[in-house]
Every structure is written in structure tokens, then in C-alpha cells.
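The values are calculated or read from the model by the stated rules, or taken from the named source; none is laboratory data. Keep in mind that what you see is a predicted model, and the values were worked out from it rather than measured. Glycine also receives a Cβ, built like all others from the backbone with ideal geometry; neighbour counts cover every protein chain displayed. Areas reflect the complete protein model, heavy atoms only, side chains present, ligands, DNA and RNA absent. Shrake-Rupley method; radii C 1.70, N 1.55, O 1.52, S 1.80 Å.
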Amino acid sequence: MAETGKYRRGVGVMLLNSEGKVFVGARIDNTDEAWQMPQGGIDEDEKPWKAALRELEEETGISPDLVERIAKCPERMKYDLPQELRGKLWKG
């Protein structure tokens, strides 16, 4: 599916362990302290859940067969990178 407007279609994963602890990882692609949950873009003709599993495995090494989906966001969300971070993170 092509990008529309200024927003790219993407997915994010809130990963919980059996103790209910949430995973966040430190980004290794910049020198500032930046933490985030697994996320990424949806490839053309890819379904969101399939993209979420792919991104999770790419970013954490966790195989899809170890994942149980317990909820999903009922609506699409959009966000803008805060003004003070534009140009500072990920080469603008």
C-alpha cells in the first residue's frame, strides 16, 4: 500500500512477558539516549499483523511462533515527531 500524505503506514508492538513487564529497547542508530518499542513500516500488500510479527522478529529476534496476540488498537493513530527532535534523530 502506498504512503498517503505525510504519514507512513506502520505498526508498533507492545511486548509483555509472563510477569506483565513491558519491553523497550535502546536505539543503536544514534548517539542520544532513545528508547522505543518494536515498530516499523508496513510493506506494500502486507497485512498489519504480519508486519508487526516481522518487525518484532527483525528488531528483537523473537520468533512469531512465540508470540500471542492479546489485543489490538481499534483505530489507526497518527503522530508527528516533536519539533525539538526533528533534524536531531534519524537524520531529520
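Which one, V67, L85, M37, projects farthest toward the positive side of the charge dipole computed for the chain from Cβ point charges (K/R +1, D/E -1)?
Ranked along the dipole, the leading option is L85.
Per residue, how much accessible area does the chain show when a 1.4 Å probe rolls over the protein heavy atoms, in square angstrom?
On a per-residue basis, the chain sits at 84 Å².
How high is the relative contact order of the chain, given as a whole-number percent (alpha carbon pairs under 8 Å, six or more residues apart)?
Reported relative contact order: 24 percent.
Below 26 Å Cα-Cα, how many Lys pairs turn up in the chain? Only count pairs eight or more apart in sequence, or on different chains, if you could.
15
Near the amide H of G10, under 5 Å away, which other amide H atoms are found, from residues 5 or more places off or on another chain, if H is placed in the peptide plane?
I42
Semi-axes, largest first, in whole Å: what does sqrt of 5 times each Cα gyration tensor eigenvalue give for the chain?
23, 19, 12
Expressed in nm to one decimal, what extension gain is obtained for the pair F23 and D43 from 0.36 nm per residue of sequence separation less their Cα-Cα distance?
Going from the current span to full extension adds 4.8 nm.
For region 1-84, which trypsin sites (Lys or Arg not before Pro) are in a loop by DSSP, counting at most 15 other Cβ atoms within 10 Å?
Sites meeting the loop and neighbour criteria: K6, R8, K21, R27, R69, K72, R76, K78.
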